[in-house]
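Each remark here refers to the structure printed beneath this line.
The values are calculated or read from the model by the stated rules, or taken from the named source; none is laboratory data. Nothing here was measured: the structure is a model prediction, and the numbers come from that model. FYI the Cβ positions are ideal-geometry reconstructions off the backbone, even for glycines, and counts take in every protein chain you see.
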Amino acid sequence: MCAHFIMIPKEELEQLIAVIQGNLAARTPVDVAALYPHAYPRAEVPVIQMHFGQLEINPMTWGYPVAWQKDVLFNTKMETALGMQKNMWSESIQHRRCIVPSLGFFEPHRKDTHASAKTGKPIKDQYLFQFPDSGVVWMAAIFEESNFSIMTTAPNPWVKNIHPRMPVVLRRDELGTWLHGDFASLAERNSVALDSRKVA
């Protein structure tokens, strides 16, 4: 599951959208990633939607509020949303898809831990995942009104030894497929290479 990623501010996203729609090259340097804001569930995040054939940036809150629990549902399993049986995600994945741009996402290690600097208690090691070219990591998501949830899938070879799930990460040339194409074909991410490094 993904509960933490590096956000890209709206002003820079506007420049990226202009570049994408002009089919030009764009690259965000990884060495400035530490200067960017980090997003967690319930944060307001700029996301990308398709509106009348044009990419549009809108602020949304990360997580679907639900009546049966205090916390929001901030991830959605691709397998569940695409299931034959109608569920709470069905309408969103069929009609309300969006994209969350980031400079990388974090996952805790399956078992490796270290002592917390604050409490001394063991906490799981955290890893940052990014594209090898240090570019934008686009994550598939769905939305309901002003709330969004990041899609997750089975881990690919670069993630599976660290965490049992991963976001549905998209290459730039797959953005249109997620927004208005054969989006189900994007569930399997085994060919999408990722770099990782331990950050805590």
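Having 3 or more residues that are loosely packed, with under 13 Cβ neighbours inside 10 Å is the bar; report the strands (runs of 3 or more DSSP E) wholly within the range 75-191 that clear it.
97-115
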Cross-chain or 6+ apart pairs with Cβ under 7 Å, the range 43-57 first and assigned to a strand (DSSP E or B), then among the small types (Gly, Ala, Ser): VAL45/ALA39; VAL47/ALA141
Subset of the range 112-169 that is β-branched (Val, Ile, Thr) and in contact with a His (Cβ under 7 Å, 6 or more places away or on another chain) - its residue that is modelled with the highest pLDDT: ILE162
Residues (closer than 30 Å to ASN87 by Cβ and touching a residue at least 60 places away in the same chain (Cβ under 8 Å)) located in the range 110-136: PHE129
Criterion (farther than 16 Å from VAL136 by Cβ, at pLDDT 90 or above and polar (S, T, N, Q)) met by exactly one of GLN49, GLN54: GLN49
Candidate set: the range 54-74, residues that are exposed (fewer than 14 other Cβ atoms within 10 Å of the Cβ) and in contact with a helix residue (DSSP H, G or I) (Cβ under 9 Å, 6 or more places away or on another chain); chosen: the one nearest to SER149 (Cα to Cα): PRO59
The range 98-135: number of residues that are touching a helix residue (DSSP H, G or I) at 6+ places or on another chain (Cβ under 7 Å) and farther than 25 Å from VAL72 by Cβ: 2
